[in-house]
1. Look at residue 300 and say whether it is buried (at least 18 other Cβ atoms within 10 Å of the Cβ) and at pLDDT below 90.
2. Looking for whichever is over 19 Å from residue 196 (Cβ atoms) and either in the same structural domain as residue 305 (by TED's automatic domain parsing) or within 34 Å of the chain's Cα centre (by Cα) (or both) here; the options are 370, 359. Which one fits?
3. Given the conditions (1) out of contact with any helix residue (DSSP H, G or I) (no Cβ under 9 Å at 6 or more places or on another chain); (2) within 30 Å of residue 50 (Cα to Cα); (3) at pLDDT 85 or above, and given that residue 169 satisfies all but one, which numbered condition is not satisfied?
4. I'd like to check which helices (runs of 4 or more DSSP H) are fully inside the stretch 157-254 and have at least 2 residues that are out of contact with any strand residue (DSSP E or B) (no Cβ under 8 Å at 6 or more places or on another chain), outside the structural domain of residue 317 (by TED's automatic domain parsing) and surrounded by 15 or more Cβ atoms within 10 Å (Cβ to Cβ).
5. Taking the condition of being at positive phi and out of contact with any helix residue (DSSP H, G or I) (no Cβ under 8 Å at 6 or more places or on another chain), how many residues in the stretch 199-233 meet it?
6. May I ask you to say which residue of 253, 248, 339 is within 16 Å of the chain's Cα centre (by Cα) and modelled with pLDDT of 90 or more?
7. Within the stretch 341-357, can you find the residues that are surrounded by fewer than 18 Cβ atoms within 10 Å (Cβ to Cβ) and in contact (Cβ under 8 Å) with a residue 40 or more places away in the chain?
8. Based on this model, can you work out whether residue 319 counts as within 29 Å of residue 184 (Cα to Cα), modelled with pLDDT under 90 and crowded, with 21+ Cβ neighbours inside 10 Å?
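The values are calculated or read from the model by the stated rules, or taken from the named source; none is laboratory data. Every value quoted in this text rests on a predicted model; they were computed, and no experiment measured them. Cβ placement follows ideal geometry from the backbone for every residue including glycine, while neighbour counts extend to all protein chains displayed.
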């Protein structure tokens, strides 16, 4: 103990040791102060800053980009990146470079942080793109402020440079907006009666009947089955209905081998709002109940549960198409799963004349000749359209329909 006391006495008497001890104490105090300041800053930042993170797998990402592009909030950005990807509609070919970008909007200081991960890919295998993440931060703001910006972008994207309904495809575990499909009028879908107007009226009623369903304690669901031979306009009708009702189309490929029952249920539950869900050629996937022929990763019972199970989607019409209604299990197309059945079949000569009038306007006499040439016959709209396309340069020959062979005219056109 005496040796220790003597050592401490000598050390404390040394100016060098005392200075080192003081510097150490100052360093510890500085570290504690820095930690305290960082903790205080984090606490304050959580209270005065609000942030929202988006990635390019979600529609909200695209809508926020549209909002920024429309309002030119980053027009002053000095660091940009040339891009071929769809940053936003109307883009000038470049987007903010990865990193932080500050801007002021409506008197609020905002920060956009963009990160691009070249290793992580999103999208289909033939059209993959890097994963992009946006972190949007607003000083003294609210989350609702950012959500309002996204909502405005959604409204802008629904009207700006839009050629028709948006098409969403299920990619992995998210819905990817792959573009728009050209708008189509219901008048272009050829049938011999008014069944198209009836299904349009029914679907229009459904999308406005949420309160009606709620008042009766009925799930807000409605299913449609379009059936008939190939080329009769089933897919065209889906697009026409979406166009007329300003809906998007969420296309589901239930025949994909990697799609499971859980994936299907979740996909239908989180399908884009303001859309209809389309399952085309369902007969090519399910021909019998479980235990029979199975051509999909989704089981028959899984499909039924996704349509009207306990956790089934609501607020979006489901449309199934098939070339062979007789091959479908009655359980799949019963009321509650397919409430409205619409047959799209071959059309007669009077209806075929309508298509001739569209191809050759101002030729009423030739249209009458065309109608008389097909009198007593029935053909699919696709066959008639193929014939008219093959003879689009010769209205007289098209009208006579001489040698009209539904199986050969497409080959002759090529």
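1. Working: buried (at least 18 other Cβ atoms within 10 Å of the Cβ): yes; at pLDDT below 90: yes.
For residue 300, the condition - buried (at least 18 other Cβ atoms within 10 Å of the Cβ) and at pLDDT below 90 - is met.
2. Values: 370 fails: either in the same structural domain as residue 305 (by TED's automatic domain parsing) or within 34 Å of the chain's Cα centre (by Cα) (or both).
Just a single option satisfies the conditions, and that option is 359.
3. (2)
4. Details: elements: 195-207, 210-215, 234-244.
Counting at least 2 such residues, we get no helices (runs of 4 or more DSSP H) at all.
5. Applying the first criterion (at positive phi) to the stretch 199-233 yields 217, 228, 231, 233.
Pick out the ones that are also out of contact with any helix residue (DSSP H, G or I) (no Cβ under 8 Å at 6 or more places or on another chain) and you get 217.
The total comes to 1.
6. Details: 253 fails: modelled with pLDDT of 90 or more; 339 fails: within 16 Å of the chain's Cα centre (by Cα).
That would be 248, the only listed residue that is within 16 Å of the chain's Cα centre (by Cα) and modelled with pLDDT of 90 or more.
7. Start the filter on the stretch 341-357 by keeping residues that are surrounded by fewer than 18 Cβ atoms within 10 Å (Cβ to Cβ), which leaves 341, 343, 345, 348, 350, 354, 357.
Listed by number, the residues that qualify are 341, 343, 345, 348, 350, 354.
8. Numbers: within 29 Å of residue 184 (Cα to Cα): yes; modelled with pLDDT under 90: no; crowded, with 21+ Cβ neighbours inside 10 Å: yes.
Considered against the rule, which asks whether it is within 29 Å of residue 184 (Cα to Cα), modelled with pLDDT under 90 and crowded, with 21+ Cβ neighbours inside 10 Å, residue 319 comes out as no.
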